[in-house]
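Since the structure comes first, as structure tokens, the remarks are kept for the end.
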Amino acid sequence: MFKEKFKALLNKARAQNGASQAVQSTSLYAEPPNEPIEIDSCEFYHHFNLPKIGEVGQGWDLRETVNEYLGVTLGVEYQGKRALDLGTASGFLSFAMEKQGSEVVSYDMASQAQWNIVPYQEPRFQQALPKITQQTALSYQGIRRSYWFAHHALSSSAKVFYGDVYHLPDALGRFDVVMVGMILPHLRDPFQALYSASRLCDDTIVVTQQCPLGEQPYGLFLPSVQNSPDNFESYHAWWVFSEQCIINMLAVLGFVHVGTKRVSHKCSARTRGQDTYEECSTIVAKRRSSLRT
Ligand SMILES: C[S@@+](CC[C@H](N)C(=O)[O-])C[C@H]1O[C@@H](n2cnc3c(N)ncnc32)[C@H](O)[C@@H]1O
């Protein structure tokens, strides 16, 4: 009995020691890969114009509408600010914020195992799961490489943190602006993620994603056994939220709504290279205490 208790205490101490070492070790931030990255091994989630390379990308093309996406047209200022890009993917938003004068931390998941894959229990979904998991892993690795490829090509100074979106560490410090672009629909517990990021935000939160129309604060649960088991999105899309739903979530977290704008952004992700437009809402809220004069 005593032996078991001692063992448990020892393991706890080791785990705690390991965790604090991880935070205190050389740097909190990720290092760029040691080896040069082949462009063909990258999956660019965003379109970019890269110096000496030209245009790359096969998904969201925010080059013309980035100011709307980032909330600049709603008055969000990036010059001289510390900004967090939650769910950076290929990093286009991070590099855009940096270009506008922010000191940027790009955040993404530490391991592909952190993707919240919808856990369908029906056998036909279970059968398709190994293929979906493999596709998720390949996409995750390709997108991560694309981030570092663009980071290098653009000579970016953005720092990168890989971790748990539900528990952002205090060690990341305080942020003036937290950009939450198109990540909440992919999370099982979007409110916890928003809470976790909002804790580090002193001033402005920007949420940009597709929002269905309507005045009511509602969320729709997207997974359904009617979805196709072979469709990647069946496993990765959890929610859509009305604008008022996001505004209410932010209000609960102590942020006052200051503006919303619906804008169509170019996206070829679902149409194999053909340009289509997706309407997204950008919602800006400010920490209540930052509004006091
Ligand atoms: C759809 S992309 C959005 C990219 C970018 N923020 C934008 O608005 O264009 C979603 C991002 O969220 C990240 N993500 C998804 N699930 C996550 C999780 N459970 N933990 C951490 N990051 C996650 C993905 O790795 C990806 O970078």
Within the stretch 47-89, can you find the residues that are within 11 Å of the ligand (Cβ to nearest atom), within 20 Å of Gly101 (Cβ to Cβ) and not hydrophobic (A, V, I, L, M, F, W, C)? Tyr69, Asp85, Thr88
On the basis of being within 19 Å of the chain's Cα centre (by Cα) and either of a type in the set (Lys, Arg) or under 19 Å from Asn49 (Cα atoms) (or both), does Trp148 make the cut? yes
Have a look at Phe149, Phe161 and point out the one that is modelled with pLDDT of 95 or more, assigned to a helix (DSSP H, G or I) and within 16 Å of the ligand (Cβ to nearest atom). Phe149
Would you check which residues across the stretch 25-46 are within 16 Å of the ligand (Cβ to nearest atom), assigned to a loop (DSSP other than H, G, I, E, B) and not hydroxyl-bearing (Ser, Thr, Tyr) and list them? Ala30, Cys42, Glu43, Phe44
Does Asp164 count as among the acidic types (Asp, Glu), surrounded by 24 or more Cβ atoms within 10 Å (Cβ to Cβ) and either within 30 Å of Val284 (Cα to Cα) or in contact with a Leu (Cβ under 9 Å, 6 or more places away or on another chain) (or both)? no
Within the stretch 144-188, how many residues turn out to be without any contact (Cβ under 8 Å) to a residue 40 or more places away in the chain and of a type outside the set (Ser, Thr, Tyr)? 3
Across the stretch 171-197, the tally of residues that are surrounded by fewer than 22 Cβ atoms within 10 Å (Cβ to Cβ), more than 11 Å from the ligand (Cβ to nearest atom) and within 20 Å of Ser94 (Cα to Cα) stands at 5
Restricting the stretch 90-121 to residues that are near the ligand (Cβ under 9 Å from one of its atoms) and of a type in the set (A, V, I, L, M), which is surrounded by the fewest Cβ atoms within 10 Å (Cβ to Cβ)? Ala110
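The values are calculated or read from the model by the stated rules, or taken from the named source; none is laboratory data. Since this is a predicted model, take the numbers as computed values, not measurements. Cβ atoms come from the backbone with ideal geometry, glycine included; neighbour counts cover every protein chain shown.
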